[in-house]
1. Could you tell me which residue out of B:PHE198, B:LEU324, B:GLY264 lies farthest along the dipole of the stretch B:127-372 toward its positive end? Charges go on the beta carbon: Lys and Arg +1, Asp and Glu -1, centred on the Cα centre.
2. About the Cα centre, and with charges only on the beta carbon of Lys, Arg (+1) and Asp, Glu (-1), how big is the dipole of the stretch B:127-372? Nearest 20 debye, please.
3. Which distances, in nm and shortest first, link the A:PHE355 label point to the same label point in every other copy, taking 7 Å along Cα→Cβ?
4. Which whole number gives the average, over all residues in A:382-392, of C-beta atoms from other chains lying within 10 Å of the residue C-beta?
5. To the nearest 20 debye, what is the magnitude of the charge dipole of the protein assembly as shown about its Cα centre, counting +1 on the Cβ of each Lys and Arg and -1 on the Cβ of each Asp and Glu?
6. With +1 on each Lys and Arg Cβ and -1 on each Asp and Glu Cβ, how big is the dipole of the stretch B:90-150 about its Cα centre, in debye rounded to the nearest 20?
7. How much space per residue, in cubic angstrom, does the convex hull of the C-alpha atoms of the protein assembly as shown take up?
8. Label-to-label distances across copies for B:GLU72, with labels 7 Å out along Cα→Cβ, in nm, shortest first?
2 protein chains.
Amino acid sequence: MRNGSTLLADFILMAASKPLAALDGDPMAVEALLRDVFGIVIDEAIRKGTSASEKVCEWKEPEELKQLLDLELQSQGESQEQILERCRAVIHYSVKTGHPRFFNQLFSGLDPHALAGRIITESLNTSQYTYEIAPVFVLMEEEVLKKLRALVGWNAGDGVFCPGGSISNMYAMNLARYQRYPDCKQRGLRALPPLALFTSKECHYSISKGAAFLGLGTDSVRVVKADERGKMIPEDLERQISLAEAEGSVPFLVSATSGTTVLGAFDPLDALADVCQRHRLWLHVDAAWGGSVLLSRTHRHLLDGIQRADSVAWNPHKLLGAGLQCSALLLRDTSNLLKRCHGSQASYLFQQDKFYDVALDTGDKVVQCGRRVDCLKLWLMWKAQGGQGLEQRVDRAFALTRYLVEEIKAREGFELVMEPEFVNVCFWFVPPSLRGKKESPDYSQKLSQVAPVLKERMVKKGSMMIGYQPHGTRANFFRMVLANPTLVKADIDFLLCELESLGQDL
Amino acid sequence: MRNGSTLLADFILMAASKPLAALDGDPMAVEALLRDVFGIVIDEAIRKGTSASEKVCEWKEPEELKQLLDLELQSQGESQEQILERCRAVIHYSVKTGHPRFFNQLFSGLDPHALAGRIITESLNTSQYTYEIAPVFVLMEEEVLKKLRALVGWNAGDGVFCPGGSISNMYAMNLARYQRYPDCKQRGLRALPPLALFTSKECHYSISKGAAFLGLGTDSVRVVKADERGKMIPEDLERQISLAEAEGSVPFLVSATSGTTVLGAFDPLDALADVCQRHRLWLHVDAAWGGSVLLSRTHRHLLDGIQRADSVAWNPHKLLGAGLQCSALLLRDTSNLLKRCHGSQASYLFQQDKFYDVALDTGDKVVQCGRRVDCLKLWLMWKAQGGQGLEQRVDRAFALTRYLVEEIKAREGFELVMEPEFVNVCFWFVPPSLRGKKESPDYSQKLSQVAPVLKERMVKKGSMMIGYQPHGTRANFFRMVLANPTLVKADIDFLLCELESLGQDL
């Protein structure tokens, strides 16, 4: 420390027999603040935020919202009353993803038990790396992963929670290449032959992001054709493998998808597993979206063959509503591959002379150091609902999907893109001016403009949110996602009537 | 859907005009549950969890803890009373990282405003990718990053919150190689010459984990010597660069550290920036731990030269206590490098025909898809404390460090490893039987056994937690971290007396 600052240090130190001002060290004030905040959360985020009679969003243009929020960080602190006002504003202007008319993403709803688990997680603020500082969560993560693996069909294996499905998918790629070429960890990709991995054109974009990030390059991703329904075609996979080999690449991984992002398609896992077995390729299943179907005895056939995979990515924060983020990477491996591939034995964290079994320090399985606790929210929700309760949710989402599909077929102005096999329902709303004009040359171009206009209207009104996208040669269509466990038929009716109402002048 | 299940779907659907059982759709029951849980959190995690008169941990052997927690997930759900009991147990057996005697990691304490922000974040459960579903947080993240950049010394630039400092460091590596070789994204590392990056032997282990994950291989990490104090030696960096070039590698990145994990050392950034400038290398500063010192006018000289970096990793969840995780990657770049390097333009999420400025959809800057909101907790805490309040925290941590150092020097049986320049204080507790025996041949070996024994005793007693590690040729020593803003001199006195008491028979 420099001389000039020693005096200051002494000065500060004089005060250091007492805690700092503000709330530090004043337990009563801390409790009072948190009780107030919690009251606001209950009123604004939970009661209003999940009530169909409230708005799902409160649209503001960015510049106006900046003004309203007064975002700038200042030198002076603010009063508790100002802080509480800020909490109200943040909630007020945020989108209510727990709202029954939030159909915009692959997650929706606000499970109270999961939320309870998340609040406890935050209050305990620990990192998942050692038994020393996360004893409950090290054991709990193991148990939750074991349960998920059992649903895949494995009575042994390994796994870890990752910060999202994209990173789970990257883990699978890294593990697959390490298993084949352990040298890669030390010597890098330059020591290896050119590698090729295979996935369908309907796969999630994280596969190509991952290939770039892991140094493989997006060219290493060989795109396999999908059928009309969006399922990978095993025969084309065979062809692509031969092609890659003929070009001098070494195939090492097939990434199948169970529940594609837009169409909700399930790749034929058994047929793909046959191909992988024949060519000795690692089979990864990106079941981030569709994995939760494994809970349903009625619908789990969609993932038949998943037990033959080497790795599975499954995000319970999607269909099960565990809350962002809850993303499991599951492995069939029992040879400690995860730790061998990612471990670096940092001596300040993973001391080998600890007084307990250091195999419990799971932090060296991951490429992160500090890692959030993502298991408690799922565990607590599961304890409350039971496997049966979660199964009912899944079954009910499928049942409501049937209801929506029948309504779409019955109503004028709605057209299915295809029969869904999952809980994504893709459809066009054809406004009055375009009905019966399918043969007109600018039909598709005009239809493409409908969804963006309706989206703008619903968001500005705050009545609901639903996503849209083009897809291949298809014009913009809506993708309805039935993920919120509190949905009832009335919400579906509302969706359709609201589109009719918003689009009647188009 | 198969025929067999159609009947079941109809059956389920009949019930679907009402919500599912349990709590789904019963707002009063949801509120009651959450109020109960919140009461438990206040009592157990916050009041008891931060009280010096309570235990910091409740040690159980893994097998016993498994029994106590009854972790298994069943088919049947449980009653609300059982769930509340589980919440109590989870908190009871978890380590209290907010406790004033938790000195074990580079984070400690429980800032009430940050916790308020985290609870709101959880209740809003959104993803940081689009303005559409995260309007408040897209703008807020931008503002918080701008503030952090200003403290680095940049009035423009880019950045993003990452899931931890390790991934921030990987981003820096990926950006540096992409900037030099944009081909890498598509064609992979095989299209590039062999690359070399440089960091000191005191760097965080995520650098080598990152090199392996990104396909560079750990061999690409050239280890630069550090001086006695733990600072990278610029002359050795020069030498290592020449060596790498002579071996046919292309240097592309230097990763300096501001606040090393064990010793708390700050690399000489200005001198390293000179080297980088001379060789046109990307300078990354891993300031995950030390970045928060930038808030202190008195101590920020430790990071002099940081404004010359190309990228900075800074974790406000460490010294500022924002809560896990809050990890910023900051960039000097103004050419949209982040999005060019990581973007993949997924058409279902980043539609270009949206009704607002799609530059606000920041999700394509990252390799994740869904991304947690990590800005609110820091923003709210900053609003409450002001920059001044946060500066006081940092200054106070330094001042308490001085106090601890003087006490260590004054007390028999304590020996500093070195004078600290940050708030890591590394020291040995030399038990009575080893005092004055430094020249004995087995001194070091015996001293090594002291810390593990004391650690076991303090954890089993629940009195405090402090980390230890060997370092180079040095025997196991304690690393005291003064990160908790509620610490007072009495906590320091307690630490020393407790070590004396725990080790008096050794």
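FYI, it's all coordinate maths here, none of it is from the lab. Predicted model, so just to flag it, every value in this text is computed and none were measured. No Cβ is skipped: glycine too gets one built from the backbone with ideal geometry, and neighbour counts run over all protein chains shown.
1. B:LEU324
2. Details: 28 positive and 26 negative charges, 36 e Å.
With only Lys, Arg, Asp and Glu charged at Cβ, the dipole is about 180 debye.
3. 6.4
4. Values: counts 4, 11, 10, 9, 7, 5, 4, 7, 3, 1, 6.
Counting other chains' Cβ atoms within 10 Å and averaging over A:382-392 gives 6.
5. Details: 118 positive and 124 negative charges, 258 e Å.
Approximately 1240 debye in magnitude.
6. Using only the charged Cβ atoms, the result is roughly 360 debye.
7. Working: hull volume 158.9 nm³, N = 1012.
Convex hull of Cα atoms, per residue: 157 Å³.
8. 6.1
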